[in-house]
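Below is one structure, written out as structure tokens; the observations come after it.
The values are calculated or read from the model by the stated rules, or taken from the named source; none is laboratory data. Keep in mind it's a predicted model, so treat the numbers as computed, not measured. Positions of Cβ are backbone-derived with ideal geometry, glycine not excepted, and every protein chain shown enters the neighbour counts. Ligands, DNA and RNA are stripped out before the accessible areas are found, and what is left, the full protein with its side chains, is counted by its heavy atoms. Shrake-Rupley method; radii C 1.70, N 1.55, O 1.52, S 1.80 Å.
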Amino acid sequence: MVRPKTEEEIELLRINGELVSKTLAEVGKAVAPGVTTKELDRVAETFIRDHGAIPSFKGFEGFPSALCISVNDVVVHGFPSDYILKEGDIVSVDCGTLYKGYNGDSAYTFPVGEVDAETRKLLDVTKESLYKGIEAAVAGNRVGDIGHAVQSYAESFGFSVVRELEGHGLGTKMHEDPGVPNYGRQGHGTRLPEGLVICIEPMICAGARGVYLARNGWEVHTSDHRNAAHYELTVVVRKGRAEQLSTFRYIEENSIQ
Ligand code: MG
Ligand code: MG
């Protein structure tokens, strides 16, 4: 069931949105060749707990860490590990917080040092496809309008959209209705009421859109082992223009990503 949030609930979601945004910026400062993905996880967990919140992913259905850290051909749900980041990698960091009973959820794909031109394009197009999705997240539109906006933009560059995973509503639960696919048809799907809080999170592949689940039951890889990028923001559906509850501003203030 789709339930719009009260302004009081939105305020708590906004606090969480700020915290995940600032946590991602802290992680971004630490991304560099020679750093392990476990070290990035530690940066995030410390920052979140120092702000009186809980890293909501840790323990969720058995997930072991504060962050999902997904390198190169891992689309999402990667485990932080002893893997040492190297120049030219891309690292997708997904962060969740729980504060006063409400959730924050955002993700960003960071380049490690210099990446090749095609990879840079994948990052730029995936991030922009998220903004195209946000533009479509206005009261009275439908979920399919968001998916269509993301898909048509990403595919116009020859990239492909993962179909098996999607965005979602956000509130006291990490995943609420409606599901928000990154593909779709204009005018189709659940209608978006004012006050609905959703996470839009394009997962875009450089190559084919096929994915498979790793043996650990979590990590989603591209079948062709080419790179995938993932950006996620939380927004409130409003009349005329959605309001962002999380932002990449803090990341982008730190450096050119
Ligand atoms: Mg997320
Ligand atoms: Mg999410």
Can you tell me the accessible area per residue over the chain, all protein chains present, probe 1.4 angstrom, in square angstrom? 41 Å²
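Let me know the Kirkwood hydrodynamic radius for the stretch 1-72, please, with Cα pairs as the basis and the value in Å to one decimal. The partial results should precede the final answer.
Details: mean 1/r = 0.0732 Å⁻¹.
In the stretch 1-72 this quantity evaluates to 13.7 Å.
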Residues with amide H under 5 Å from that of residue 231, placed H, sequence gap 5 or more: none
Residue 188 and residue 156 label points (each 7 Å along its Cα→Cβ direction) are spaced in nm at 2.0 nm
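When the Kirkwood radius is taken over all Cα pairs of the stretch 10-160, what Stokes-Einstein diffusion coefficient follows at 37 °C and 0.692 mPa s, in µm²/s?
Numbers: Rh = 16.3 Å.
Calculated translational D: 201 µm²/s.
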Part-to-part distance (alpha-carbon centres) for the stretch 220-257 and the stretch 82-138, which is given in Å: 5 Å
Work out how much length residue 86 to residue 120 would gain on full extension: take 0.36 nm times their residue separation and subtract the Cα-Cα distance, in nm to one decimal. 10.7 nm
Not counting ligands, DNA or RNA, and with a 1.4 Å probe, what is residue 60's accessible surface area in Å² rounded to the nearest 10? 70 Å²
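Just how many % of Cα pairs in the chain lie over 23 Å apart, if you round to the nearest whole percent? Could you put the intermediate results ahead of the total?
Working: 15073 of 32896 pairs.
When all Cα pairs of the chain are counted, 46 percent exceed 23 Å.
Where in the chain are the helices, taken as whole DSSP H runs, whose Cα atoms extend 15 angstrom or more along the long axis and whose Kyte-Doolittle mean reaches at least -0.5?
On the way: long enough: 7-30 (35 Å, -0.12); 37-50 (20 Å, -0.80); 117-135 (27 Å, -0.64); 143-155 (18 Å, -0.01).
Both cut-offs are met by 7-30, 143-155.
Which order do you get for 1, 203 if you rank them by accessible area with a 1.4 Å probe, largest at the top?
Details: 1 175, 203 5 Å².
Sorted descending by solvent-accessible area, the residues read 1, 203.
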Which one of 149, 208, 112 is farthest out on the positive end of the charge dipole of the chain, using unit charges on Cβ (Lys, Arg +1; Asp, Glu -1) and the Cα centre as origin? 149
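Calculated from DSSP H runs of 4 or more alone, at -39500 (n - 2.57) each and per residue, what is the 222 nm mean residue ellipticity of the chain, nearest 500?
Taking each H run of at least 4 residues, the total per residue is -9500 deg cm²/dmol.
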Please state the relative contact order of the stretch 188-233 as a whole percent: Cα pairs under 8 Å, 6+ residues apart? 42 percent
Distance in Å, no decimals, from the C-alpha centre of the stretch 172-213 to the one of the stretch 1-17 is 18 Å
Using amide H atoms built in the peptide plane, which far-off residues or other-chain residues are under 5 Å from residue 68 H to H? 94
With all protein chains present, how much of the accessible area of the stretch 55-111 (probe radius 1.4 Å) comes from carbon and sulfur, to the nearest whole percent? 56 percent
